[in-house]
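Structure, as C-alpha cells:
The values are calculated or read from the model by the stated rules, or taken from the named source; none is laboratory data. Being a predicted model, the structure only gives us computed values, none of them experimental. Cβ placement follows ideal geometry from the backbone for every residue including glycine, while neighbour counts extend to all protein chains displayed.
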Amino acid sequence: MKRKKVLFFIYRLGGGGAARTILNIVNYLDRNKFEPMLVTLNYNYDYEQYVKDDVKFVKLKTKRLRSAIIPLAKLIRKERPELLFSTIPNYNTVVILAKLLSCTKTKLIVREAAFLGGNFKEDMKLKIYGLLYRFAKRVVALSHGVKENLVNRYHIKREQIEVIYNPVDLYHINEQAKKPLPDDLKHLFTNEQIRSIVSAGRLVKEKDQQTLIKAFAKVQKEIDSQLIILGEGELETELQTLTKQLDIDDKVHFVGFQKNPYVFFQRADLFVLTSLNEGFGHVFVEAMATGTPIVSTRCNPGAEEVLENGEYGMLAEVGDVDDVAAKMMKALQMTEDERASFVQKGYKRAEQFNVTNIVNQYEKLFLATIGKERSSLPQNG
C-alpha cells in the first residue's frame with residue numbers, strides 16, 4: 001500500500017493546545033500508511049525539538065500569515081499531498097486559499113478548537129469562515145460543544161463535522177513530570193507546609209486570571225498557600241499590579257512560559273483554571289495525568305465535557321470569585337482518601353484521551369476522506 005502524504009500546517013510550534021495536538025498527530029501517525037509533512041512560518045520555538053526525525057519539516061520564508069498563501073500554494077503543487085490538515089480559523093483560511101490557488105485535487109480537513117462568537121460582529125465573521133469551510137471535505141470539532149457552535153454559528157452542515165478530542169501523550173507527560181524543576185524555581189516547593197496551587201495558560205482576557213487571583217486572595221487568608229501561574233501574555237503587568245493591590249504579591253509567582261509544565265503540575269496540591277470558555281481544555285487532561293486534583297470554572301463547553309459535569313474535577317461558576325475560592329478551599333481540605341480517589345478517577349479519565357486512541361480516529365478519518373476507507377468513525381461522547 002502506497003503511503004498517503006499528509007501536509008499539516010500551523011502558524012508556529014508554540015506552547016498552545018493547537019501546537020501540541022498537531023505535534024501528537026504528526027508524531028504518532030502510522031508510518032506504514034502515512035507520510036506526514038509539517039509546515040510552519042519562519043519561527044523558532046521550543047516545541048520543534050519534539051518533532052520526530054522522519055517528519056519532513058518545512059518553514060515558509062515569512063512570518064506573516066497573508067504572505068504565506070502563495071508559497072504554501074506552490075509547496076502544495078510541488079509536493080502533491082493527498083490531504084491537507086490545519087487548525088484554528090485564521091490558519092484554516094490561509095490553507096483553503098492556498099489549496100484553491102494550487103489547482104490540485106488535494107483533499108482538505110480543517111479543525112476547530114474554540115467556542116467562538118456571541119456578538120453580531122463575531123457571528124458575521126464566523127459565517128464567513130463557515131462559507132470558506134465548504135471547500136473542506138470534513139471539519140473536525142474537538143468537542144460536542146464546539147460541534148454545536150459550528151452548526152449554529154458557522155452554519156456548517158452537521159454531517160460534515162466529526163468530533164475528535166485532543167490527543168494527549170500520557171507517556172511523555174509522565175516522563176517529563178519526573179524531571180527536576182528549573183534551578184531558579186526549585187525554592188517554590190521547598191516548604192511542604194505551604195499548599196501549592198498551579199494554573200497555566202496565556203495571560204489574556206479569555207483566561208480570566210483576575211478571578212483566579214481574587215479567589216486566591218480569599219483562600220490564602222484561611223490556608224497557608226501560594227499561587228504559581230505559568231504562561232505569558234499581554235495582561236502580565238496588569239495581573240501583577242492586581243496582586244500588589246490585594247497585598248498578595250509575595251504569594252503569587254509569575255514564572256512565564258515553561259516548556260515542561262508537568263513538573264509543576266505533578267508537585268502541586270491543586271490545579272485551577274478560571275477561563276471564560278474552553279473548547280476542550282487540553283490542560284485538564286494533562287493535570288489529571290500528573291495526578292493533580294482540579295478546580296475549574298464552568299468554561300463551556302470543555303470543562304463540563306472533559307470533567308463530566310464535576311465527576312473528575314470541582315466546578316465553579318464563571319467569574320464568581322466567592323464560588324471559585326470556596327471550591328479551591330474544599331479541594332485543599334480533602335482527606336488523603338478523598339484526594340487519592342479523586343486522583344485515581346482523574347487518571348483513568350485521562351487515559352481515554354491517550355494519543356494512540358485519538359490518533360487512530362484521525363487515521364480512519366484521513367483514509368475515509370482520501371477515499372480508501374468507507375467505514376464511519378465511532379462518535380465520542
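Assorted remarks:
- Val140 being farther than 18 Å from Phe257 by Cα, in the same structural domain as Ile109 (by TED's automatic domain parsing) and part of a helix (DSSP H, G or I): no
- Of residues in region 1-16 being within 15 Å of the chain's Cα centre (by Cα) and surrounded by 23 or more Cβ atoms within 10 Å (Cβ to Cβ), the one modelled with the highest pLDDT: Ile10
- Condition check for Asp337: within 28 Å of Leu273 (Cα to Cα), modelled with pLDDT of 90 or more and surrounded by fewer than 17 Cβ atoms within 10 Å (Cβ to Cβ): yes
- Residue within region 33-43 that is at pLDDT below 95 and surrounded by fewer than 18 Cβ atoms within 10 Å (Cβ to Cβ) present: yes
- Of all residues in region 308-323, those satisfying the criterion of being crowded, with 16+ Cβ neighbours inside 10 Å, at pLDDT 95 or above and not aliphatic (A, V, I, L, M) are Asp320, Asp323.
For (1) over 18 Å from the mean Cα position of the chain (by Cα); (2) over 21 Å from Glu232 (Cα atoms), each residue gets a yes or a no:
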| site | (1), (2) |
| --- | --- |
| Tyr133 | yes, yes |
| Lys137 | yes, yes |
| Val140 | no, yes |
| His172 | no, yes |
| Lys178 | yes, yes |
| Leu188 | yes, no |
| Gln193 | yes, yes |
| Arg202 | no, no |
| Asp208 | no, no |
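- The strands (runs of 3 or more DSSP E) found wholly in region 174-290 and carrying at least 2 residues that are more than 29 Å from Thr87 (Cα to Cα), out of contact with any Asp or Glu (no Cβ under 9 Å at 6 or more places or on another chain) and outside the structural domain of Asn149 (by TED's automatic domain parsing) occupy 225-230, 252-256.
- Residue among Ile248, Ile229 that alone is out of contact with any strand residue (DSSP E or B) (no Cβ under 6 Å at 6 or more places or on another chain) and of a type in the set (A, V, I, L, M): Ile248
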